[in-house]
1. Output yes when any residue across region 253-272 is among the aromatic types (Phe, Trp, Tyr) and either under 17 Å from Ala181 (Cβ atoms) or assigned to a loop (DSSP other than H, G, I, E, B) (or both), and no when none is.
2. What's the number of the only condition in (1) free of Cβ contacts under 8 Å to residues at least 40 places away in the same chain; (2) among the aromatic types (Phe, Trp, Tyr); (3) surrounded by 16 or more Cβ atoms within 10 Å (Cβ to Cβ) that Tyr193 fails to meet?
3. What residue, of Pro79, Pro23, is modelled with pLDDT of 95 or more, closer than 25 Å to Pro244 by Cα and assigned to a loop (DSSP other than H, G, I, E, B)?
4. How about region 329-355: which of its residues are surrounded by fewer than 24 Cβ atoms within 10 Å (Cβ to Cβ), at pLDDT below 95 and either in a loop (DSSP other than H, G, I, E, B) or not aliphatic (A, V, I, L, M) (or both)?
5. Kindly check whether there is at least one residue in region 168-176 that is modelled with pLDDT of 95 or more, within 25 Å of Gly348 (Cβ to Cβ) and part of a loop (DSSP other than H, G, I, E, B).
6. Please find, within region 154-195, the residue that is farthest from the chain's Cα centre (by Cα) out of those that are among the hydroxyl-bearing types (Ser, Thr, Tyr) and closer than 16 Å to Gly109 by Cβ.
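The values are calculated or read from the model by the stated rules, or taken from the named source; none is laboratory data. Please read all numbers here as calculations on a predicted model, not as lab measurements. Virtual Cβ from ideal backbone geometry, glycine too; neighbours counted across all protein chains shown.
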Amino acid sequence: MSAASADHGGDAQQAWIAGAGAPLRGSLRVPGDKSVSHRAVMLGALAQGVTRVTGFLEGEDTRATARVFERLGVRIETPSASERIVHGVGLHGLRGIDAPLDCGNAGTGMRLLAGALAGQAFDSVLIGDASLSKRPMRRVTEPLAAMGARIDTQQGGLPPLRIQGGRALLGIEYTLPVASAQVKSALLLAGLYARGETVVHEPHPTRDYTERMLAAFGWPIEFSPGYARLSGGHTLRATDVAVPADFSSAAFFLVAASVVPGSELLLEAVGMNPRRTGLLAALRLMGADIVEENPRAEGGEPVADLRVRYAPLRGIEVPEALVPDMIDEFPALFAAAAVAQGRSVIRGAAELRVKESDRIATMAAGLRALGARIEETPDGAIIDGGALHGGSVDSHGDHRIAMSLSIAAQLASGEVRIGDVANVATSFPGFEALAAKAGMRVSPAA
C-alpha cells in the first residue's frame with residue numbers, strides 16, 4: 001500500500017461527507033481565475049500608476065501573493081470582495097524587509113516571485129507552508145542562475161528560496177526541458193530587469209497569461225505558442241484587469257454535470273484561454289455535451305458561457321498534445337474516466353507527480369478506495385471505468401484532489417468521507433456552497 005492510500009482522517013472541520021445528490025441544474029459563476037489574479041497583482045505592483053482588478057480570486061494563494069507585495073511596500077486596497085486597487089511602485093520601487101515572505105501554498109506565487117525578486121537591489125527569502133516546502137524549485141532557480149541570479153535553496157532544490165539582491169541580470173535564450181508556464185513566467189519577469197533580450201522556447205505551448213498581461217501593461221513583447229521574447233529597460237503602465245472565471249474551477253462542474261444523469265448547467269463567463277482548455281477537448285472526445293455560448297473578450301482574455309448537459313462518457317486514450325493544456329485538470333479527468341464506459345489511457349503527465357501532492361498516486365489511491373480499477377504508470381494511468389461504492393478517502397491536503405473525489409462521490413452507491421480538505425480554500429473558496437446550489441451533495445463532516 002502506498003502512503004497515498006491511507007486515510008489520515010483529520011478533524012471534523014477538515015473533512016467532507018459527499019454522496020449521490022440531485023442532477024446539476026441552473027447557472028453558476030465560479031471564482032476568478034487564479035493565474036490571472038496572481039499576475040494582475042504582481043504586474044500592478046510593478047507598474048507605474050493605479051491598477052483596478054475586478055473578479056479577483058479571494059483564495060488563500062492569491063491573497064498570499066498580495067500580502068507579499070504589501071510587505072514590500074505596495075499599497076493594495078480592497079474596496080469590496082473580489083476587487084483590488086493596486087498602487088504600483090514601478091519596477092524599482094519595492095522595499096526589502098528582513099523577515100521571510102510567506103507564499104503559503106502558492107507554487108505559482110513562489111515561482112513567479114523568484115523571477116520578479118531576482119532583479120531587485122535587496123535580499124529576500126521566500127517560504128511556504130508544509131506542502132509548498134516539499135515542491136521542487138530547481139527548474140526555476142537553475143535558469144534564473146543562468147541569467148545571473150543567486151538563489152540558494154534547501155537540499156534537493158526545495159524552499160525556502162534565499163534570493164540575493166543587487167545582481168546584474170543578463171537576458172538569455174532558454175529552451176525549457178519540461179513545458180511549464182510558471183518557469184516561463186519567472187524568466188520573463190526576471191527579463192524585465194535584465195540587460196538584453198530574454199527568449200523562452202517551450203517543448204509544448206503552455207498558458208500565455210503572463211505574455212498577454214505584460215502586453216496589456218504596455219511592455220513590448222513578442223509571443224506565439226511555445227515562444228516568447230522581450231527585452232529589459234521598458235516601463236509597465238497601470239491598467240484595469242477584469243479577471244475571468246477560472247476554467248480550472250469550472251472543470252469540476254463540467255465533469256459533474258457531464259456524468260450525473262439529468263444534469264444541465266450553465267457556467268458563466270469562463271476563461272477560455274486556449275492554453276487552459278485541454279480538458280474541454282478531452283471531455284468532448286469522451287462524448288461530453290458542452291456548448292460554448294456568447295463568446296467574448298474580457299481583460300484581454302477570451303471568455304464564454306459553457307452549457308453542459310449529461311451525456312454518457314466513454315473511455316479514450318488522451319492525446320498527449322492536450323496534456324500541457326490540462327495539467328491542473330487531470331484529477332477531474334481521472335474522476336470522469338473512473339465512471340466512463342471502457343478504458344482511458346493517460347500518458348505524458350509526469351508533472352502530476354510533483355504538484356501539491358503526487359496527483360497520480362493520490363487520485364489512484366482515492367478512486368481505488370471507492371472501487372475503481374486504476375493502474376498507475378510513471379507518467380499517467382490506465383483507468384477502467386465502472387461502478388463506485390462508498391468509502392473513506394484522503395486528499396492529502398491537495399485542493400484539486402478533494403474536489404475531484406467529491407465529483408466521483410456523486411456516482412458512488414454509498415457515502416464518501418473525504419479527509420484533509422482545508423486547502424480547498426486556497427483555490428476555490430465557497431466550493432461546498434456552490435456545489436450544493438448546483439445540486440451536488442458535499443458538506444462538512446459532522
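1. First, the residues of region 253-272 that are among the aromatic types (Phe, Trp, Tyr): 253.
Now narrow it down to the ones that are either under 17 Å from Ala181 (Cβ atoms) or assigned to a loop (DSSP other than H, G, I, E, B) (or both): none.
No: region 253-272 contains no residue that is among the aromatic types (Phe, Trp, Tyr) and either under 17 Å from Ala181 (Cβ atoms) or assigned to a loop (DSSP other than H, G, I, E, B) (or both).
2. (1)
3. Working: Pro23 fails: closer than 25 Å to Pro244 by Cα.
Exactly one of Pro79, Pro23 is modelled with pLDDT of 95 or more, closer than 25 Å to Pro244 by Cα and assigned to a loop (DSSP other than H, G, I, E, B), namely Pro79.
4. If the condition is that a residue be surrounded by fewer than 24 Cβ atoms within 10 Å (Cβ to Cβ), at pLDDT below 95 and either in a loop (DSSP other than H, G, I, E, B) or not aliphatic (A, V, I, L, M) (or both), then Arg347, Gly348, Ala349, Glu351, Arg353, Lys355 are the ones that fit.
5. Filtering region 168-176 for residues modelled with pLDDT of 95 or more gives 168-176.
Those still in the list that are within 25 Å of Gly348 (Cβ to Cβ) too: 174-176.
Next, only the ones that are part of a loop (DSSP other than H, G, I, E, B) stay: 176.
Yes, region 168-176 contains a residue that is modelled with pLDDT of 95 or more, within 25 Å of Gly348 (Cβ to Cβ) and part of a loop (DSSP other than H, G, I, E, B).
6. The first filter runs over region 154-195 and keeps only residues among the hydroxyl-bearing types (Ser, Thr, Tyr), leaving 174-175, 180, 185, 193.
Among the residues that remain, those that are also closer than 16 Å to Gly109 by Cβ are: 180, 185.
Working: Ser180: 12, Ser185: 14 Å.
Result: Ser185.
Here's the yes/no breakdown for (1) outside the structural domain of Leu189 (by TED's automatic domain parsing); (2) over 25 Å from Ala40 (Cα atoms); (3) out of contact with any Pro (no Cβ under 8 Å at 6 or more places or on another chain); (4) aliphatic (A, V, I, L, M):
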position: Leu112; (1), (2), (3), (4): no, no, yes, yes
position: Gln120; (1), (2), (3), (4): no, no, yes, no
position: Leu126; (1), (2), (3), (4): no, no, no, yes
position: Pro143; (1), (2), (3), (4): no, no, yes, no
position: Met147; (1), (2), (3), (4): no, no, yes, yes
position: Gly165; (1), (2), (3), (4): no, no, yes, no
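Here's the yes/no breakdown for (1) of a type in the set (Phe, Trp, Tyr); (2) in the same structural domain as Ile418 (by TED's automatic domain parsing); (3) touching a Pro at 6+ places or on another chain (Cβ under 9 Å):
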{"position": "Ala22", "(1), (2), (3)": "no, yes, no"}
{"position": "Gln48", "(1), (2), (3)": "no, no, no"}
{"position": "Asp61", "(1), (2), (3)": "no, no, no"}
{"position": "Phe69", "(1), (2), (3)": "yes, no, no"}
{"position": "Glu77", "(1), (2), (3)": "no, no, no"}
{"position": "Ile85", "(1), (2), (3)": "no, no, yes"}
{"position": "Val89", "(1), (2), (3)": "no, no, no"}
{"position": "His92", "(1), (2), (3)": "no, no, no"}
{"position": "Ile97", "(1), (2), (3)": "no, no, no"}
